[in-house]
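Take a look at the structure set out below.
The values are calculated or read from the model by the stated rules, or taken from the named source; none is laboratory data. Here the structure is a predicted model, which means the values were calculated and not measured. Ideal geometry is used to build each Cβ from the backbone, glycine not excepted, and the neighbour counts take in all protein chains shown. Keep in mind that these areas ignore ligands, DNA and RNA; they rest on the heavy atoms of the full protein, side chains included. Shrake-Rupley method; radii C 1.70, N 1.55, O 1.52, S 1.80 Å.
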Amino acid sequence: MKVYKHEDSRRVLIEWIQNFTVKSCKVAIAKGETEIGDHYHKNKDEVFYLLSGKGEYKFNQNDEFIPIEDVVFVPRNTYHLFKLSDGAILLGAATEPFDPNDEIKM
């Protein structure tokens, strides 16, 4: 997924979702250094954008964490785990609303 950025004297515009049907949005605000996710979904795709702070992610439990540079796209059936710094704000959008039965732990 490509991030589009445009800046002029009034504002900075960041478009981070294209061709993606959004049915749910969420914001995670980290209380201390924390890990979130540690699961996968069978019924939805997700896309995340780090608004502030620092964050890392991985798509395999045995892999090393990768710094979040721009957008992290998580297709359905893809394990994901995020590590966020204290106060980090992670914005997420999904193709389906939250369903606790669709958070499959490994």
* Structure fact -> Expected max-MSF residue from GLY32, GLY55, GLY87 in the GNM of the chain (alpha carbon, under 10 Å) is GLY32
* Solvent-accessible area per residue for the chain at a 1.4 Å probe radius, Å²? -> 64 Å²
* Asked: Between segment 71-106 and segment 1-49, what's the alpha-carbon centroid distance in Å?
  -> 9 Å
* Leaving out ligands, DNA and RNA, what percent of the accessible area of the chain is carbon and sulfur, probe 1.4 Å? -> 48 percent
* Using only protein heavy atoms and a 1.4 Å probe, report how much of PHE98 is accessible, in Å² to the nearest 10. => 130 Å²
* Calculate the dipole size of the chain relative to its Cα centre from +1 charges on Lys and Arg beta carbons and -1 charges on Asp and Glu beta carbons; express the result in debye to the nearest 20. => 260 debye
* To do: Give the relative contact order (percent, whole number) for segment 1-63; include only Cα pairs under 8 Å separated by 6+ residues.
  => 20 percent
* Structure fact -> Toy charge model, Lys and Arg Cβ at +1, Asp and Glu Cβ at -1: segment 1-46 dipole around Cα centroid in debye, rounded to 20, equals 240 debye
* With semi-axes √(5λ) of the Cα gyration tensor in Å in mind, check (i) 23, 18, 12; (ii) 25, 17, 11; (iii) 21, 16, 13 and report the label derived from this structure. => (i)
* Asked: When the chain is treated as a GNM, springs tying every alpha-carbon pair under 10 Å, which of LEU51, LEU91, LEU81 comes out with the largest mean-square fluctuation?
  -> LEU51
* Once Lys and Arg get +1 and Asp and Glu get -1 on their Cβ, which of PHE73, HIS6, SER52 lies farthest toward the positive end of the dipole of the chain? -> HIS6
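Rank-order 36-44, 4-12 by packing density, defined as the average count of other C-beta atoms within 10 Å over each peptide's residues, highest first.
36-44, 4-12
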* Leaving ligands, DNA and RNA out of it, work out the accessible area of VAL3 with a 1.4 Å probe and give it in Å² to the nearest 10. => 30 Å²
* Lysine pairs with alpha-carbon atoms under 17 Å apart, the chain, spacing 8 or more or separate chains -> 12
* Asked: Under the definition of Cα pairs under 8 Å and six or more residues apart, what whole-number percent is the relative contact order of the chain?
  -> 39 percent
* Structure fact -> Once both label points are put 7 Å beyond Cα along the C-beta direction, the LEU91-ARG11 separation in nm becomes 1.0 nm
